[in-house]
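Scroll down for the structure; my scribbles are underneath it.
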Amino acid sequence: MKFSIVTISFNQGQYLEEAMNSVLAQDYPNVEYIVVDPGSTDGSRDLIERYADRLAKVIFEPDGGAPDGLNKGFRHATGEIFGFLNSDDVLLPGALGAVSRTFEKRSRCDVVMGNGFLVDSDGNRIRHVRAAGFTATRYFYGGATWLQQSTFFRRKAFESIGGFNTANRSCWDGELLLEMALAGAEVAYLNHDLSLFRVHPQSITGSKRHKEMMRADIDRMFSHARGRNWTAADTLRSWLLRAERLLTHPGALESAIRARLH
(Lines give C-alpha, C1' and ligand atoms only; values in the text may rest on other atoms or scores of the structure.)
Protein backbone atom coordinates (compact mmCIF):
# COMPACT_ATOMS: atom_id res chain seq x y z
CA MET A 1 0.00 0.00 0.00
CA LYS A 2 1.11 3.55 -0.70
CA PHE A 3 1.75 6.11 2.05
CA SER A 4 1.28 9.85 1.61
CA ILE A 5 3.11 11.85 4.28
CA VAL A 6 2.74 15.62 4.59
CA THR A 7 5.04 17.95 6.50
CA ILE A 8 4.06 21.58 7.03
CA SER A 9 7.08 23.77 7.72
CA PHE A 10 7.24 27.31 9.07
CA ASN A 11 10.51 28.73 10.39
CA GLN A 12 11.72 25.48 11.96
CA GLY A 13 14.88 25.30 9.88
CA GLN A 14 17.07 23.97 12.68
CA TYR A 15 14.94 20.80 12.90
CA LEU A 16 13.50 20.52 9.40
CA GLU A 17 16.29 18.52 7.75
CA GLU A 18 16.15 15.84 10.45
CA ALA A 19 12.38 15.62 10.04
CA MET A 20 12.58 15.26 6.25
CA ASN A 21 15.39 12.73 6.39
CA SER A 22 13.42 10.63 8.88
CA VAL A 23 10.71 10.21 6.24
CA LEU A 24 12.97 9.85 3.22
CA ALA A 25 15.12 7.22 4.97
CA GLN A 26 12.21 4.88 5.73
CA ASP A 27 12.90 1.36 4.48
CA TYR A 28 9.50 1.21 2.80
CA PRO A 29 9.23 1.15 -0.99
CA ASN A 30 6.07 3.17 -1.60
CA VAL A 31 6.13 6.58 0.07
CA GLU A 32 4.92 9.87 -1.36
CA TYR A 33 6.32 12.82 0.59
CA ILE A 34 4.76 16.28 0.33
CA VAL A 35 6.22 19.38 2.02
CA VAL A 36 4.25 22.59 2.52
CA ASP A 37 5.83 25.93 3.50
CA PRO A 38 3.59 29.02 3.64
CA GLY A 39 6.41 31.54 3.91
CA SER A 40 9.40 30.68 6.07
CA THR A 41 12.11 33.33 6.29
CA ASP A 42 14.80 31.34 8.14
CA GLY A 43 16.31 29.47 5.20
CA SER A 44 13.84 26.57 5.34
CA ARG A 45 12.75 27.11 1.75
CA ASP A 46 16.32 26.85 0.47
CA LEU A 47 16.68 23.58 2.36
CA ILE A 48 13.41 22.23 0.94
CA GLU A 49 14.49 23.15 -2.58
CA ARG A 50 17.71 21.15 -2.12
CA TYR A 51 15.54 18.10 -1.42
CA ALA A 52 12.96 18.85 -4.14
CA ASP A 53 14.03 16.00 -6.42
CA ARG A 54 13.25 13.51 -3.62
CA LEU A 55 9.85 15.02 -2.82
CA ALA A 56 6.60 14.21 -4.57
CA LYS A 57 5.34 17.78 -4.21
CA VAL A 58 6.54 21.08 -2.77
CA ILE A 59 3.94 23.76 -2.02
CA PHE A 60 5.21 27.30 -1.49
CA GLU A 61 2.14 29.48 -0.98
CA PRO A 62 0.43 31.34 1.87
CA ASP A 63 -2.25 29.52 3.82
CA GLY A 64 -4.79 30.21 6.52
CA GLY A 65 -2.90 28.30 9.21
CA ALA A 66 -1.57 24.79 9.76
CA PRO A 67 -4.85 22.90 9.13
CA ASP A 68 -5.36 24.78 5.86
CA GLY A 69 -1.78 24.02 4.80
CA LEU A 70 -2.22 20.34 5.63
CA ASN A 71 -5.44 20.21 3.61
CA LYS A 72 -3.56 21.70 0.67
CA GLY A 73 -0.88 19.06 0.99
CA PHE A 74 -3.31 16.16 1.19
CA ARG A 75 -5.24 17.43 -1.84
CA HIS A 76 -2.16 16.41 -3.86
CA ALA A 77 -1.83 13.03 -2.13
CA THR A 78 -2.46 9.81 -4.04
CA GLY A 79 -1.70 7.22 -1.35
CA GLU A 80 -4.04 4.85 0.48
CA ILE A 81 -2.64 5.69 3.92
CA PHE A 82 -2.13 9.25 5.19
CA GLY A 83 0.12 10.61 7.91
CA PHE A 84 1.63 13.97 8.78
CA LEU A 85 4.81 14.97 10.54
CA ASN A 86 5.58 18.38 12.00
CA SER A 87 8.82 19.96 10.82
CA ASP A 88 10.37 19.65 14.29
CA ASP A 89 9.43 16.01 14.87
CA VAL A 90 10.97 12.71 13.75
CA LEU A 91 9.68 9.46 12.27
CA LEU A 92 11.61 6.52 13.71
CA PRO A 93 13.27 3.90 11.44
CA GLY A 94 10.93 1.14 10.31
CA ALA A 95 7.81 3.06 11.31
CA LEU A 96 5.97 2.89 7.97
CA GLY A 97 6.69 -0.81 7.51
CA ALA A 98 5.24 -1.58 10.95
CA VAL A 99 2.16 0.54 10.25
CA SER A 100 1.65 -1.07 6.85
CA ARG A 101 1.69 -4.56 8.36
CA THR A 102 -0.91 -3.51 10.91
CA PHE A 103 -3.25 -2.12 8.25
CA GLU A 104 -2.83 -5.32 6.24
CA LYS A 105 -3.63 -7.52 9.24
CA ARG A 106 -6.50 -5.31 10.38
CA SER A 107 -8.21 -4.74 7.04
CA ARG A 108 -11.28 -3.17 8.63
CA CYS A 109 -9.45 -0.60 10.75
CA ASP A 110 -9.40 3.04 9.67
CA VAL A 111 -6.76 4.41 12.04
CA VAL A 112 -3.53 2.95 13.41
CA MET A 113 -2.00 4.49 16.54
CA GLY A 114 1.49 3.59 17.71
CA ASN A 115 3.79 4.61 20.54
CA GLY A 116 6.58 7.15 20.69
CA PHE A 117 8.64 9.51 22.82
CA LEU A 118 8.48 13.13 23.90
CA VAL A 119 11.93 14.66 23.41
CA ASP A 120 13.52 18.00 24.21
CA SER A 121 15.12 20.45 21.79
CA ASP A 122 18.30 18.37 21.68
CA GLY A 123 16.48 15.10 21.03
CA ASN A 124 16.87 13.74 24.57
CA ARG A 125 13.98 11.44 25.42
CA ILE A 126 11.79 12.84 28.19
CA ARG A 127 9.10 10.20 28.45
CA HIS A 128 7.47 7.32 26.63
CA VAL A 129 3.91 7.55 25.33
CA ARG A 130 1.91 4.39 24.64
CA ALA A 131 -1.30 4.84 22.64
CA ALA A 132 -4.55 3.42 24.00
CA GLY A 133 -8.23 4.09 24.53
CA PHE A 134 -9.07 6.62 21.82
CA THR A 135 -12.82 7.17 21.67
CA ALA A 136 -14.84 10.39 21.41
CA THR A 137 -15.78 10.17 25.08
CA ARG A 138 -12.24 9.48 26.28
CA TYR A 139 -10.87 12.22 24.08
CA PHE A 140 -13.12 14.83 25.69
CA TYR A 141 -12.49 13.62 29.24
CA GLY A 142 -8.75 13.03 29.00
CA GLY A 143 -8.93 9.26 29.20
CA ALA A 144 -7.13 8.60 25.91
CA THR A 145 -3.39 8.47 25.22
CA TRP A 146 -2.01 9.05 21.74
CA LEU A 147 0.65 10.82 19.68
CA GLN A 148 -0.25 12.59 16.44
CA GLN A 149 3.17 11.80 14.98
CA SER A 150 2.55 8.06 15.53
CA THR A 151 -0.97 8.08 14.07
CA PHE A 152 -1.91 7.09 10.50
CA PHE A 153 -5.29 6.79 8.80
CA ARG A 154 -6.88 5.60 5.59
CA ARG A 155 -7.48 8.11 2.85
CA LYS A 156 -11.19 7.28 2.78
CA ALA A 157 -11.57 8.09 6.48
CA PHE A 158 -9.89 11.48 5.95
CA GLU A 159 -11.98 12.36 2.93
CA SER A 160 -15.25 11.17 4.49
CA ILE A 161 -15.09 13.92 7.12
CA GLY A 162 -13.77 16.63 4.80
CA GLY A 163 -10.23 16.81 6.17
CA PHE A 164 -9.04 19.28 8.80
CA ASN A 165 -11.24 21.99 10.25
CA THR A 166 -9.42 25.17 9.21
CA ALA A 167 -11.14 27.14 12.01
CA ASN A 168 -9.31 25.08 14.66
CA ARG A 169 -6.23 26.91 15.97
CA SER A 170 -4.94 24.51 18.62
CA CYS A 171 -5.93 20.86 18.20
CA TRP A 172 -6.75 20.32 14.53
CA ASP A 173 -5.21 16.85 14.74
CA GLY A 174 -7.44 15.92 17.68
CA GLU A 175 -10.55 17.24 15.97
CA LEU A 176 -9.72 15.26 12.84
CA LEU A 177 -9.52 12.01 14.82
CA LEU A 178 -12.54 12.93 16.91
CA GLU A 179 -14.63 13.39 13.76
CA MET A 180 -13.38 10.05 12.47
CA ALA A 181 -14.37 8.38 15.76
CA LEU A 182 -17.81 10.00 15.68
CA ALA A 183 -18.21 8.70 12.12
CA GLY A 184 -17.53 5.14 13.36
CA ALA A 185 -13.83 4.77 12.50
CA GLU A 186 -12.18 1.67 13.94
CA VAL A 187 -8.84 2.26 15.70
CA ALA A 188 -6.06 -0.32 15.95
CA TYR A 189 -3.15 0.00 18.36
CA LEU A 190 0.40 -0.88 17.43
CA ASN A 191 2.77 -1.60 20.32
CA HIS A 192 5.74 -0.18 18.46
CA ASP A 193 7.64 3.11 18.82
CA LEU A 194 7.05 5.14 15.67
CA SER A 195 8.02 8.76 16.32
CA LEU A 196 9.61 11.49 18.41
CA PHE A 197 7.49 14.48 19.41
CA ARG A 198 9.76 17.44 20.11
CA VAL A 199 8.80 19.96 22.79
CA HIS A 200 10.99 23.08 22.84
CA PRO A 201 10.76 26.77 23.74
CA GLN A 202 9.74 27.79 20.19
CA SER A 203 6.88 25.28 19.96
CA ILE A 204 3.40 26.51 20.83
CA THR A 205 2.50 23.32 22.71
CA GLY A 206 2.33 24.02 26.44
CA SER A 207 2.22 27.80 26.16
CA LYS A 208 -0.48 29.74 28.02
CA ARG A 209 -1.90 31.06 24.76
CA HIS A 210 -2.07 27.56 23.29
CA LYS A 211 -3.87 26.24 26.38
CA GLU A 212 -6.44 29.04 26.15
CA MET A 213 -7.06 28.38 22.45
CA MET A 214 -7.31 24.65 23.10
CA ARG A 215 -9.89 25.13 25.84
CA ALA A 216 -12.00 27.21 23.45
CA ASP A 217 -11.66 24.63 20.66
CA ILE A 218 -12.49 21.72 22.98
CA ASP A 219 -15.57 23.55 24.32
CA ARG A 220 -16.76 24.15 20.76
CA MET A 221 -16.15 20.52 19.75
CA PHE A 222 -17.87 19.20 22.89
CA SER A 223 -20.95 21.38 22.32
CA HIS A 224 -21.13 20.29 18.69
CA ALA A 225 -20.78 16.58 19.49
CA ARG A 226 -22.92 16.47 22.64
CA GLY A 227 -25.46 19.18 21.86
CA ARG A 228 -24.84 20.92 25.21
CA ASN A 229 -22.22 22.80 27.18
CA TRP A 230 -19.71 21.35 29.65
CA THR A 231 -21.06 20.95 33.20
CA ALA A 232 -19.70 20.15 36.68
CA ALA A 233 -20.72 16.54 36.10
CA ASP A 234 -18.42 16.45 33.08
CA THR A 235 -15.55 17.74 35.20
CA LEU A 236 -16.12 14.91 37.68
CA ARG A 237 -16.26 12.35 34.88
CA SER A 238 -13.02 13.76 33.50
CA TRP A 239 -11.27 13.27 36.85
CA LEU A 240 -12.54 9.70 37.06
CA LEU A 241 -11.45 8.73 33.54
CA ARG A 242 -8.04 10.36 33.97
CA ALA A 243 -7.56 8.46 37.23
CA GLU A 244 -8.63 5.21 35.54
CA ARG A 245 -6.11 5.80 32.76
CA LEU A 246 -3.29 6.41 35.24
CA LEU A 247 -4.13 3.26 37.18
CA THR A 248 -4.84 0.84 34.33
CA HIS A 249 -2.89 1.99 31.29
CA PRO A 250 0.62 0.46 31.14
CA GLY A 251 3.23 3.09 31.89
CA ALA A 252 0.75 5.96 32.32
CA LEU A 253 1.48 6.58 35.99
CA GLU A 254 5.24 6.48 35.47
CA SER A 255 4.88 8.80 32.48
CA ALA A 256 2.81 11.28 34.53
CA ILE A 257 5.41 11.28 37.32
CA ARG A 258 8.23 11.85 34.83
CA ALA A 259 6.27 14.74 33.28
CA ARG A 260 5.91 16.37 36.72
CA LEU A 261 9.59 15.91 37.53
CA HIS A 262 10.64 17.35 34.17
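The values are calculated or read from the model by the stated rules, or taken from the named source; none is laboratory data. Remember, it's a predicted structure, so these values are computed and weren't measured experimentally. Glycine gets a Cβ as well: all are built from the backbone with ideal geometry, and neighbour counts include every protein chain shown.
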Flag for MET180 being surrounded by fewer than 20 Cβ atoms within 10 Å (Cβ to Cβ) and under 26 Å from LEU91 (Cβ atoms): no
Selection within the range 1-26 - outside any helix (DSSP H, G or I) and surrounded by fewer than 17 Cβ atoms within 10 Å (Cβ to Cβ): MET1, LYS2, ASN11, ALA25
Matching residues, the range 39-51, being surrounded by 11 or more Cβ atoms within 10 Å (Cβ to Cβ) and either part of a loop (DSSP other than H, G, I, E, B) or aliphatic (A, V, I, L, M) (or both): GLY39, SER40, ASP42, GLY43, LEU47, ILE48, TYR51
Pair list, Cβ < 7 Å and 6+ apart or interchain, from the range 218-235 residues that are modelled with pLDDT of 95 or more to residues that are part of a helix (DSSP H, G or I) and among the hydroxyl-bearing types (Ser, Thr, Tyr): ASN229/SER223
Subset of the range 217-235 [loosely packed, with under 12 Cβ neighbours inside 10 Å and assigned to a loop (DSSP other than H, G, I, E, B)]: GLY227, ARG228, ASN229, THR231
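Got a sec? Which of PHE84, PHE74 is at pLDDT 95 or above, in contact with a Leu (Cβ under 7 Å, 6 or more places away or on another chain) and either closer than 19 Å to CYS171 by Cβ or of a type in the set (Gly, Ala, Ser) (or both)?
The match here is PHE84.
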Matching residues in the range 131-143 - criterion: being of a type outside the set (Phe, Trp, Tyr) and over 14 Å from the mean Cα position of the chain (by Cα): ALA132, GLY133, THR135, ALA136, THR137, ARG138, GLY142, GLY143
Flag if PRO29 is of a type outside the set (A, V, I, L, M, F, W, C), more than 20 Å from the chain's Cα centre (by Cα), assigned to a loop (DSSP other than H, G, I, E, B) and surrounded by fewer than 17 Cβ atoms within 10 Å (Cβ to Cβ): yes
